[in-house]
Structures are given as structure tokens and as C-alpha cells.
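Please read the structure below before turning to the comments.
Every number here is computed from the coordinates shown, using simple stated rules; none is lab data. As the structure is a computational prediction, the values presented were derived from the model and not from experiment. Neighbour counts are summed over all protein chains in view; Cβ atoms, including those assigned to glycine, are modelled from backbone coordinates with ideal geometry.
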Amino acid sequence: MTEVCGICAIHADAAGHGALECHRGHRWIVRHHPLPSPLAGWTFLCSTRHVQGAADLDDGEAAALGPALRAVSRAVRDLTGCDRVYAIAFGQGAPHLHVHLIPRFDGEEGTRAWNVADWYRAVERGERPAADPGEVARFVDAMRERLRRETID
Ligand SMILES: [Zn+2]
């Protein structure tokens, strides 16, 4: 039996997870973290093609990654007002390239560098409140509007 990739399943689920999708291009899909989300604005840049990580990108995907990463990171920064945007790609939970783009506010020590992993797990365990779904929805709307004006392949 073939194991279904969680990311491919999300990309195919337009009715459910589609509510959090911000952009769908030829090579890249941009979507918000599923609810409950650790932070509003926690965004994924995912390859449309099922590849484990950057090492498996073809030449076209590799060339398109930089501009896409820049455009989406700038959008996260502008829309959340955060001080920086972390970019992390494990490819472990699902073997499909999805770069976590995480808004980082300098005043919030709980999300500083690797602290953000503790924050993430605390939300996952219900020990810390998740981001407000209304705030996430407003971010998704704004991100869709913003990315309509960007060239993300
Ligand atoms: Zn996949």
C-alpha cells in the first residue's frame, strides 16, 4: 500500500484546507498553518511537486525558490509587522518540502530562535492558547490580496 503524503493530501483538499490557502502557482503553494495555529501569520511555502527537500528540486524549482521565498517572507513581515521572519524546513513530519515562514517579534521572548519550537509544542499540547482564528482569517485574506500582486511561479 502506498503511503499518502500529508502535504499532498492537504494540497488536494480544496474544500477543507483550501480556506487557508493564500496562493497556488505552477511550482509553489502558499498557505497558512492549519488551525489551531501557533501564531497568526505562520505561513508555509510548499513545493507543488512531491519532493522531500531542497536537494531534490529540479533546476526550474531551484531558480524559482529564491524569489518566492523573498516575496512571501516580505509579505509575512509587512502584514504582521514582525521584526524578522524565520525560515525553517525539516521535511520530517511529511517528506514534502514545506518551508515554515514564522513571524518573529523582538518583544516576545517565547518565540526567540529555538524557543519557537517549545512555543509550537505548547500550543500543540493545549498548554498555550493558539492564535485567534479570526486573526488568521484576516491574515489569509490580506496575504491572498498581497500575493496577487507578486510573481510567484
Ligand atoms: Zn507530498
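Overview of values
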item	result
Over segment 1-79, equivalent-ellipsoid semi-axes from the Cα gyration tensor in Å	20, 19, 10
R0 of 35 Å, Cβ-Cβ distance Ala137-Asp59: FRET efficiency to nearest 0.05	0.40
Segments 18-31, 53-66, 88-101 sorted - mean Cβ within 10 Å per residue, highest first	18-31, 88-101, 53-66
Stretchable slack from Glu150 to Phe90, in nm (0.36 nm times residue separation minus alpha-carbon distance)	19.0 nm
Bins of 5 Å from zero: percent of alpha-carbon pairs in segment 6-148	2, 10, 20, 24, 22, 15, 6, 1, 0
Distance histogram in 10 Å bins (all Cα pairs of segment 103-153, percent per bin)	21, 36, 32, 11
Over the chain: helical MRE at 222 nm, DSSP H runs n ≥ 4 each giving -39500 (n - 2.57), nearest 500	-11500 deg cm²/dmol
Average Cα contact separation per residue, the chain, under 8 Å, 6 or more apart, as relative contact order %	30
Euclidean distance between Cα centres, segment 107-153 to segment 11-40, Å	12
Computed label-point distance, nm, for sites Ala113 and Arg128 using a 7 Å Cα→Cβ extension	1.6
